[in-house]
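The values are calculated or read from the model by the stated rules, or taken from the named source; none is laboratory data. Predicted, not measured: the structure shown is a model, and the values here were computed from it. Glycine also receives a Cβ, built like all others from the backbone with ideal geometry; neighbour counts cover every protein chain displayed.
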Amino acid sequence: MFGPHLLIGKQPRKELMSAPDPVAAPLRLLHTMLRVRDLDTSLGFYLRLMGMSLLRREHYPDGRFTLAFVGYGDERSQAVLELTHNWDRDVYERGDAYGHVALAVADVHLTCAQLAAAGVKIVRKPGHMQHIADDRSAPQKIAFVEDPDGYRIELVEVAQAPGAA
């Protein structure tokens, strides 16, 4: 375990907060994998509607699956999404452990309007979070949409989206 995710009350356990051995510690987050029913439909969503780029696509005929890596920048420096399509399976149960993927946007209302016009399901309309974290002066503006497989994507309004000019 590398992260302080076991909690006692609201405080992380002290033994998990100490620095790990640098030889064994991960260097950075590489990707998050999502299983998709239809790779082309999912690629259309993430490339055309979310503005990501297809970074690479790998076919594994012996394993009967294809991987597509998408993101906003070079994999060598930024975390990306790995879309996994298993050729012989088209039904998955997400379970209740999965939460969402979060993306920064410059204007959450405009982004949702454009996505809704493209037929994307908006599952939480744009607006301020109900609660304010104790280290913030104002609530964040957020919204949630669903990708073609029903995965939730949180849109978080930031002053300027990373990579924006």
| said: I'm told Ala117 meets every condition in (1) closer than 17 Å to Ile153 by Cβ; (2) among the small types (Gly, Ala, Ser); (3) surrounded by 12 or more Cβ atoms within 10 Å (Cβ to Cβ) except one. Can you identify the failing condition by its number? | reply: (3)
| query | Within region 9-31, how many residues are modelled with pLDDT of 70 or more and surrounded by 11 or more Cβ atoms within 10 Å (Cβ to Cβ)? | reply | 2
| When you scan region 64-165 for strands (runs of 3 or more DSSP E) that lie fully inside it, which ones turn up with 2 or more residues that are more than 22 Å from Arg37 (Cα to Cα) and either at pLDDT 95 or above or within 16 Å of the chain's Cα centre (by Cα) (or both)? | 101-105, 122-128, 141-146, 152-157
| request: Take region 82-97 and flag every residue that is surrounded by 13 or more Cβ atoms within 10 Å (Cβ to Cβ) and either charged (D, E, K, R) or closer than 20 Å to Ile142 by Cβ (or both). | output: Glu82
| query | From Arg57, Arg136, which residue is touching a Phe, Trp or Tyr at 6+ places or on another chain (Cβ under 9 Å) and among the basic types (Lys, Arg)? | reply | Arg57
| message | Where the second residue is loosely packed, with under 13 Cβ neighbours inside 10 Å and outside any strand (DSSP E or B) and the first is of a type outside the set (S, T, N, Q) and lies in region 47-59, which pairs have Cβ atoms under 6 Å and are six or more apart or on separate chains? | response | Leu49/Ala118
